[in-house]
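Scroll down for the structure; my scribbles are underneath it.
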Amino acid sequence: MCRIIRNGAGDNMFCGIDLGSRSVKVAGLKDGQLVVSNVMETVQFYRAYGQRTEQGLAVDYHALGLTGTKRVVATGYGRNTIRIAGAVVIAELKAHVLGAIWQTGLKNFTLLDLGGQDSKVIKVKNGKMIDFQTNDKCAASTGRYLENMAAILGLSLEELGQYSEHPVELNATCAIFGETELIGRIVEGYSVPELAAGVNYTIFKRIRPMLTALGGEPIVFTGGVARGAAIAELLKRELKVAVIVPERPQLNGAIGCAVHAMEMGDTHVAGN
C-alpha cells in the first residue's frame, strides 16, 4: 500500500523513516505538523525511491513529497542492514515512544506496538521509557501471523480485524501449528466470525503477560495491527483498561523519527 499526503512544500521539512520488515513508513514534519505520510511495501520503496551509492542508499526525497528535507532519522527492522545516506539512526523503542507522545500528547502510558515481525510493550513515565519487553522470537503475536490466518479464512486483514465476539479456542503457541489448528476448527464447522475472533484472541493471550508485567494505563496501541478494532476491544474488555489508538498507528515509528529529527536541528540533506 502506498499513501502519500502532501499538504505543504518548502525547505523546512524533517523526515522520519521506519524500515520495517514488511513495509516502509515515511513521515515528514513541517512547522510541527505532519504534512507527508507514506506507507509502502519494502521492495517498492527500494525500487521506486532508493539508489545504492558508496555513501549508502540515496533516497529520492522529492519523489516522496519531502523536498527541502533538512534532517533524516531512520529506525526499524532494516536500520542495521540498509544504511540510508545522510540519515541518523536511532533505536526502535526510542522512535516509538517519541511518536506516541507526539500523537497523543500523553507523558504517562504503556505503549503496545504490534508490527509485522515483533511485538513491543514499553512503560513510559514522565515522557521517558522506564521499562520494556519485546517478543521477536516467534511470529505468533505479529502482523505476519494475522496475514497468514486471514488468508486461511479467506478474509482481508481489515475484515479479520473486526471480529472479537465469541472467539473459538485456539491453543497452539507456534504460528505454524496455529495454522493447522485453525484448519481443524474450520473442519469442525465453526463460523468465520467465531474463527476470526479466535485468531484475534490468540494475539491478546500472547501479549497479555507482557502487559500484565509492566501494568499501567492507558495503553497506547500502535503498529499496523492496531488498524483493526478487534484487539483494541479485547484489551479493553479483558484487562479493563483505557486503550488509545492514535490517528496513524502504523506510522508511529516514522513519526517518532521525524520528531527526533526536528529536535536535533536543521542540517540540510545533500541533494535536496
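Couple of notes before you dig in:
- Residue in the range 225-239 that is closer than 30 Å to THR69 by Cα, surrounded by 20 or more Cβ atoms within 10 Å (Cβ to Cβ) and not assigned by TED's automatic domain parsing to the domain that holds VAL72 present: yes
- In the set (1) among the β-branched types (Val, Ile, Thr); (2) within 19 Å of ALA242 (Cα to Cα); (3) not in a strand (DSSP E or B), the condition left unmet by VAL124 is number (3).
- Every residue from the range 242-260 that is touching a Pro at 6+ places or on another chain (Cβ under 7 Å) and closer than 21 Å to TYR163 by Cβ: VAL243
- Per-region count, the range 101-117, residues aliphatic (A, V, I, L, M) and touching a Ser or Thr at 6+ places or on another chain (Cβ under 6 Å): 0
- The C-beta contact set for the range 96-111 (first residue closer than 19 Å to ALA232 by Cβ and assigned by TED's automatic domain parsing to the domain that holds GLN133, second residue basic (Lys, Arg) and not in a strand (DSSP E or B), distance under 8 angstrom, 6+ apart or interchain) comprises GLN103/ARG248.
- Any hit, the range 66-82, residues being assigned to a loop (DSSP other than H, G, I, E, B), crowded, with 17+ Cβ neighbours inside 10 Å, outside the structural domain of PHE221 (by TED's automatic domain parsing) and modelled with pLDDT of 90 or more: yes
- Complete set of residues in the range 213-224 that are crowded, with 20+ Cβ neighbours inside 10 Å and assigned to a loop (DSSP other than H, G, I, E, B): GLY223
- Filtered residues of the range 50-65 (kept if farther than 15 Å from LYS30 by Cβ and either hydrophobic (A, V, I, L, M, F, W, C) or not assigned by TED's automatic domain parsing to the domain that holds ARG83 (or both)): LEU57, ALA58, VAL59, ALA63
- Scanning the range 67-84 for residues that are in contact with an Asp or Glu (Cβ under 9 Å, 6 or more places away or on another chain) and in contact (Cβ under 8 Å) with a residue 60 or more places away in the chain yields THR67, GLY68, THR69, LYS70, ARG71, ALA74, THR75, GLY76, ARG79.
- Output for the range 44-56, where each listed residue is of a type in the set (A, V, I, L, M, F, W, C) and either surrounded by 21 or more Cβ atoms within 10 Å (Cβ to Cβ) or within 25 Å of LEU114 (Cβ to Cβ) (or both): PHE45
- Within the range 90-120, the residues that satisfy the criterion of being at pLDDT 95 or above and part of a strand (DSSP E or B) are PHE109, THR110, LEU111, LEU112.
- Residue identified as outside any helix (DSSP H, G or I), among the acidic types (Asp, Glu) and under 25 Å from LEU19 (Cβ atoms) among GLU247, GLU263: GLU247
- Any hit, the range 43-64, residues being farther than 16 Å from SER23 by Cβ, in a strand (DSSP E or B), among the basic types (Lys, Arg) and touching a residue at least 12 places away in the same chain (Cβ under 8 Å): no
- Within the range 95-105, the set of residues being in contact with a strand residue (DSSP E or B) (Cβ under 7 Å, 6 or more places away or on another chain) and surrounded by fewer than 22 Cβ atoms within 10 Å (Cβ to Cβ) comprises THR104 only.
- Condition check for MET210: modelled with pLDDT under 95, out of contact with any Pro (no Cβ under 7 Å at 6 or more places or on another chain), crowded, with 18+ Cβ neighbours inside 10 Å and among the hydrophobic types (A, V, I, L, M, F, W, C): yes
The values are calculated or read from the model by the stated rules, or taken from the named source; none is laboratory data. Here the structure is a predicted model, which is why all the values come from computation and not from measurement. Note: ideal-geometry Cβ built from the backbone for every residue, glycine included; neighbour counts use all protein chains shown.
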